[in-house]
Structures are given as structure tokens and as C-alpha cells.
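The values are calculated or read from the model by the stated rules, or taken from the named source; none is laboratory data. Because the structure is predicted, anything quoted here is derived from the model rather than measured. Positions of Cβ are backbone-derived with ideal geometry, glycine not excepted, and every protein chain shown enters the neighbour counts. The area values use the complete protein model at the heavy-atom level, side chains included, leaving out ligands, DNA and RNA. Shrake-Rupley method; radii C 1.70, N 1.55, O 1.52, S 1.80 Å.
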Amino acid sequence: MARPKNRRVARETVVERVDGGLAELMPDRDRPRAWTLLIDGAPQSHVDLDDPAYLSFEYQRRLGHVIDLVAPPGRPVHAVHLGGGALTLARYVAATRPRSTQQVAERDAALVQLVRRELPLDPNARIRVRSVDAREGLAKVPDGWADLVVADVFSGARTPAHLTSGEFLTDVRRVVKAGGLYAANLADGPPLAHLRGQIATAAGVFPELALVADPTVLRGKRFGNAVLVASDLPLPIAELTRRAASDPHPARVEHGRSLTDFTGGATPVTDAAAVASPAPPPSVFK
């Protein structure tokens, strides 16, 4: 039986139909004002309204490390978020770098309304959310405006094809100012063909790359997330490595020759040949 469009379950969980599927906001039993957002059963975001600097998900902590290293601690930045979810990373930037100016492109207008209503943003945070496709939103950002561009876009647990190409990354580089950073949440499993193709594609646009991921994912042992970091200037590899290794679930940082070897001769992706990232196996969310 289909669930009603709008209802609360067990007095606390919020269930609502959004453009991308069935959204659920589930309370975190260990943190009084924290919530996990799921879309069609797939966890998307975790937000603690009392402590927006708290990042629960592994991949979000790794993106948080990139945010921490994009500029000296506390300095405001210009940030673009492609994909919003529950706006976890935008909240993190606002909390750790007050007075930052941020733009968020989140295509799912119904999801944006749900998040704004149930998990309201700090009214003093300079976060502008647009209900547009990520690539369409990126095209409206001025040249060299962003210190940071974060891509975390999933539709049905897959990154849409048009956000995997060299043409897309060329527009990202247009938006990123000299010395700024691009960070993307990628998901793949064995044989890691998608991940290798994304690294090859980024290498055709940005001269400096690093990949942060669980070693078991890099060895092709399981499906998981990897954070790709790119810039036109050398990356803070030593500090990124230290932070990734000290996480509750330690990650490895690949760069330079080891990253080239990992790519294994993969070819860059173009708009004409782009496909969505692979769907995760059902066991990932059990």
C-alpha cells in the first residue's frame, strides 16, 4: 500500500513525497536536534541543528576537511554547492567560516521546501538556495567567483550523467578562482571503472588532483564513496592526509604518481559518452 503524501510516523519521523522520491527525516536518538535525511531509503544527509559543525557521515567529514583547508581557519569564503540535500555542508561552512557567501543549486524544489520547514537555516547565514539543475546553476556563477565548489549530486543514489563530463568540469574550473578548490563526492564499486574515469576526466581539466577514500574502496573490495579534490595549484596533501587518517574511519589519500597508476589508463568522459554513476548494490543500505 502506498504511503500518504504527507504524514508523520511515530510522532517524530517526517515522511513526505518530494520530486526525487520518498523523503524521510529520521531523528538521531543520540543527539536531541539531529536528523538523517533518506530518499527512497538511501541515506543522503545528517544535520545537527544544535551543532552544524558536526559531520556524521564519513564522506561529509572528508569534504569537511577540504572546506577546512580551502583558506586559513575562520576566514569567510565564497562557496558553491551543487546538490543540497539537507544543506549539511552549507551549514558547516556557515558555522566554521562566519560571513561566508554561499550558493546552493538543488533541483528538487519540494525537498528544499521540506528542509527549510523542518530543519530551518540560521537566518544570519548567507546561503542562497536555488531550485535549479546543478549544471544550470553553475552556469550562472560568475567567472572566478568561488573559493570552493562542492559537487554532491545524486538522483536515485546515482550521479547524473551530465555531471560526470569534461565539459561540466571545464565550467567548474571557470567558476573556481586561482588557488581555489573543487571537491566531488563520487560513489563506485568494483571494478571502479566510473571512479577511474572521473579521475581521468578531472586530470584533463585540473593540473592538481587528490583522492580521499577508504582503503577497501580503493582496493575494489566494496562499494563506497570517494572524495575527489582538484585545483590549479598544489594541494595541501600532507594536512589532508593527516586529517583523513585521524578520522574514526580512516581514509587514504592518493595523489601524484600513485593516483595516475590507480587511474590505470582510463579515458576522459565527454558529454556525448557520459553515463550516470553505477547504482549501489542493495546491501549498501542494509
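Do you know which residues across the range 108-117 are touching a residue at least 24 places away in the same chain (Cβ under 8 Å) and farther than 15 Å from residue 52 by Cβ?
Here is the first cut: in the range 108-117, the ones touching a residue at least 24 places away in the same chain (Cβ under 8 Å) are 108-112, 114-115.
The answer is 108, 109, 110, 111, 112, 114.
The conditions of being open to solvent by less than 70 Å² (accessible area, probe 1.4 Å), among the charged types (D, E, K, R), free of Cβ contacts under 8 Å to residues at least 60 places away in the same chain and farther than 17 Å from residue 60 by Cβ are not met by residue 261.
Which one of these does residue 275 not meet: (1) open to solvent by 70 Å² or more (accessible area, probe 1.4 Å); (2) over 19 Å from the mean Cα position of the chain (by Cα); (3) among the hydrophobic types (A, V, I, L, M, F, W, C)? Every listed condition holds for residue 275 apart from (2). Taken together, the residues in the range 125-141 that are aliphatic (A, V, I, L, M), part of a loop (DSSP other than H, G, I, E, B) and either over 24 Å from residue 40 (Cα atoms) or open to solvent by 60 Å² or more (accessible area, probe 1.4 Å) (or both) amount to 2. Is it the case that the range 252-260 has a residue that's touching a helix residue (DSSP H, G or I) at 6+ places or on another chain (Cβ under 8 Å), closer than 22 Å to residue 175 by Cβ and in a strand (DSSP E or B)? Looking for residues that are touching a helix residue (DSSP H, G or I) at 6+ places or on another chain (Cβ under 8 Å), closer than 22 Å to residue 175 by Cβ and in a strand (DSSP E or B), one finds none in the range 252-260, hence no.
Do we find a residue being under 29 Å from residue 283 (Cβ atoms) and touching a residue at least 60 places away in the same chain (Cβ under 8 Å) anywhere in the range 126-137? No, that holds for no residue.
Within the range 73-80, can one find any residue that is assigned to a loop (DSSP other than H, G, I, E, B), at pLDDT 95 or above, farther than 20 Å from residue 122 by Cα and over 18 Å from the mean Cα position of the chain (by Cα)? Please lay out each step first, then the result.
Of the range 73-80, the ones assigned to a loop (DSSP other than H, G, I, E, B) are 73-77.
Of the ones still in play, those that are also at pLDDT 95 or above are 73-77.
Next, from what is left, pick out any that are farther than 20 Å from residue 122 by Cα: 73.
Still in the list and also over 18 Å from the mean Cα position of the chain (by Cα): 73.
For the range 73-80, residues assigned to a loop (DSSP other than H, G, I, E, B), at pLDDT 95 or above, farther than 20 Å from residue 122 by Cα and over 18 Å from the mean Cα position of the chain (by Cα): present.
Here is a yes/no grid of residues against (1) without any contact (Cβ under 8 Å) to a residue 24 or more places away in the chain; (2) β-branched (Val, Ile, Thr); (3) touching a Pro at 6+ places or on another chain (Cβ under 8 Å):
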{"residue": "176", "(1), (2), (3)": "no, yes, no"}
{"residue": "195", "(1), (2), (3)": "no, no, no"}
{"residue": "208", "(1), (2), (3)": "no, no, yes"}
{"residue": "224", "(1), (2), (3)": "no, no, no"}
{"residue": "228", "(1), (2), (3)": "no, no, no"}
{"residue": "251", "(1), (2), (3)": "no, no, yes"}
{"residue": "257", "(1), (2), (3)": "yes, no, no"}
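Mind checking whether some residue in the range 171-181 is of a type in the set (D, E, K, R), at pLDDT below 95, assigned to a strand (DSSP E or B) and under 25 Å from residue 140 (Cβ atoms)? No, every residue in the range 171-181 fails to be of a type in the set (D, E, K, R), at pLDDT below 95, assigned to a strand (DSSP E or B) and under 25 Å from residue 140 (Cβ atoms). Is it true that residue 144 is over 21 Å from residue 60 (Cβ atoms) and open to solvent by less than 20 Å² (accessible area, probe 1.4 Å)? It is false that residue 144 is over 21 Å from residue 60 (Cβ atoms) and open to solvent by less than 20 Å² (accessible area, probe 1.4 Å).
Table: residues versus (1) among the hydrophobic types (A, V, I, L, M, F, W, C); (2) in a helix (DSSP H, G or I); (3) touching a helix residue (DSSP H, G or I) at 6+ places or on another chain (Cβ under 7 Å).
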residue	(1), (2), (3)
202	yes, yes, yes
222	no, no, yes
230	yes, no, yes
233	yes, no, no
267	no, no, yes
272	yes, no, no
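One line per residue, one yes/no per condition, for (1) of a type in the set (A, V, I, L, M); (2) open to solvent by 40 Å² or more (accessible area, probe 1.4 Å); (3) under 21 Å from residue 156 (Cβ atoms); (4) part of a strand (DSSP E or B):
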residue: 46; (1), (2), (3), (4): no, no, yes, yes
residue: 55; (1), (2), (3), (4): yes, no, no, no
residue: 85; (1), (2), (3), (4): no, no, yes, no
residue: 90; (1), (2), (3), (4): yes, no, no, no
residue: 98; (1), (2), (3), (4): no, yes, no, no
residue: 103; (1), (2), (3), (4): no, no, no, yes
